[in-house]
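The values are calculated or read from the model by the stated rules, or taken from the named source; none is laboratory data. Note that the coordinates shown come from a computational prediction; the quantities given were computed from them, not determined experimentally. Note that each Cβ is placed from the backbone with ideal geometry, even for glycine, and that neighbours are counted across all protein chains shown.
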């Protein structure tokens, strides 16, 4: 499988997905949009992964590449590519499909639970997502569900945590690819967001238990195995 990912800032890379791809001997290429890399031909890859970032999809005046990226994501979906969006990447998918992205009532930063919704049973992704999981978050925005999307997961303070479009497009507001060094980089570069708030953990809490990373990375492997099995 040829995997291409879009990276929006130097400190948010695909984490455990890269380890999975290496073990499977897949071809991985990247567009680092923050340094002006050109977007590839959509026919040059089988799967597109859109990573996170501290910007909003609504910041197109500050980040003019957002509009071109949104069109690129929509084109990849229309061509039937396998598509995975993570955090900002999930919001980019929602926006590219015509849904609104806006501030959530609370920021979620740290390890918090997400739950599968009852209607998720009708999605092809139901079998690869756990009924409940303790996952890593770093987001202040949320999204509406695009037309035709399957709502998959929620959390206590963010209704739309995951959705799918058919059997080839998955959007995750939370992070399953995150490894310890990814969190350390987020703390180093975005530590100003770690204010005293109900759903924001301290750096010590975020890094306290390596078992959390192993757990989410295992779920990420199951999801990537699913994509790998699609023809």
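Of note:
- Within segment 206-231, tally of residues that are surrounded by fewer than 12 Cβ atoms within 10 Å (Cβ to Cβ) and in contact (Cβ under 8 Å) with a residue 24 or more places away in the chain: 1
- Scanning segment 78-102 for residues that are within 20 Å of residue 151 (Cβ to Cβ), surrounded by fewer than 21 Cβ atoms within 10 Å (Cβ to Cβ) and touching a strand residue (DSSP E or B) at 6+ places or on another chain (Cβ under 8 Å) yields a total of 4.
- Only one entry of 174, 112, 136, 163 meets the criterion of being touching a strand residue (DSSP E or B) at 6+ places or on another chain (Cβ under 8 Å), farther than 17 Å from residue 17 by Cβ and crowded, with 23+ Cβ neighbours inside 10 Å, and that entry is 163.
- Verdict on residue 143 being surrounded by 22 or more Cβ atoms within 10 Å (Cβ to Cβ), touching a strand residue (DSSP E or B) at 6+ places or on another chain (Cβ under 7 Å) and in contact (Cβ under 8 Å) with a residue 12 or more places away in the chain: yes
- Any pair with Cβ under 8 angstrom, 6 or more apart, that starts in segment 192-205 at a residue that is in contact (Cβ under 8 Å) with a residue 24 or more places away in the chain and ends at one that is surrounded by 13 or more Cβ atoms within 10 Å (Cβ to Cβ) and assigned to a helix (DSSP H, G or I): 194/187; 194/203; 200/193
- Summed over segment 1-40, the residues that are part of a helix (DSSP H, G or I) and in contact with a strand residue (DSSP E or B) (Cβ under 9 Å, 6 or more places away or on another chain) give a count of 6.
- Some residue of segment 169-180 being out of contact with any helix residue (DSSP H, G or I) (no Cβ under 9 Å at 6 or more places or on another chain), free of Cβ contacts under 8 Å to residues at least 60 places away in the same chain and farther than 18 Å from residue 50 by Cα: no
- Scope segment 41-54; condition surrounded by 16 or more Cβ atoms within 10 Å (Cβ to Cβ) and either in a loop (DSSP other than H, G, I, E, B) or at pLDDT below 95 (or both); matching residues: 42, 45, 46, 51, 52, 53, 54
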